[in-house]
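Okay, so here's the structure we're looking at.
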């Protein structure tokens with residue numbers, strides 16, 4: 001019975017402990033910022049890739065200029 005009382009007392013102390021709350025909040029904020037950064041870089045990367053593909057197609061379709069003869 002004393003062992004159960006010790007366990008209950010320890011659980012009560014853990015419930016009231018606020019020492020790690022700030023660290024946990026900072027960790028959650030960092031995770032949220034990381035998720036936002038990864039998502040925006042993913043979208044930006046897709047758009048950038050599409051722009052380079054468009055530029056590549058435009059350069060392939062452009063007429064080739066003749067070289068001027070040397071002076």
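What follows draws every value from the coordinates through simple rules; no lab data is involved. Keep in mind it's a predicted model, so treat the numbers as computed, not measured. Reconstructed Cβ throughout: ideal geometry from the backbone, glycine too, with neighbour counts over all protein chains shown.
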Margin query: So if I average 1/r over every pair of distinct C-alpha atoms in the chain and take the inverse, what Kirkwood radius in Å does that give?
Written below: 18.7 Å
Margin query: At 222 nm, what value in deg cm²/dmol follows for the chain if DSSP H runs of at least 4 each add -39500 (n - 2.57) and the sum is divided by all its residues, to the nearest 500?
Written below: -28500 deg cm²/dmol
Checklist line | By average C-beta atoms within 10 angstrom, highest first, the peptides 25-31, 60-66 | finding: 25-31, 60-66
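Evaluate E = 1/(1 + (r/R0)^6) for residue 32 and residue 8, where r is the Cβ-Cβ distance and R0 equals 30 Å; express this FRET efficiency to the nearest 0.05.
So, using R0 = 30 Å, E works out to roughly 0.25.
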Next item on the list: Enter the angle in degrees (range 0 to 90, nearest 10) between the Cα long axis of helix 2-16 and the first principal axis of the Cα atoms of the chain, meaning the one along which they spread out most.
Entry: 40 degrees
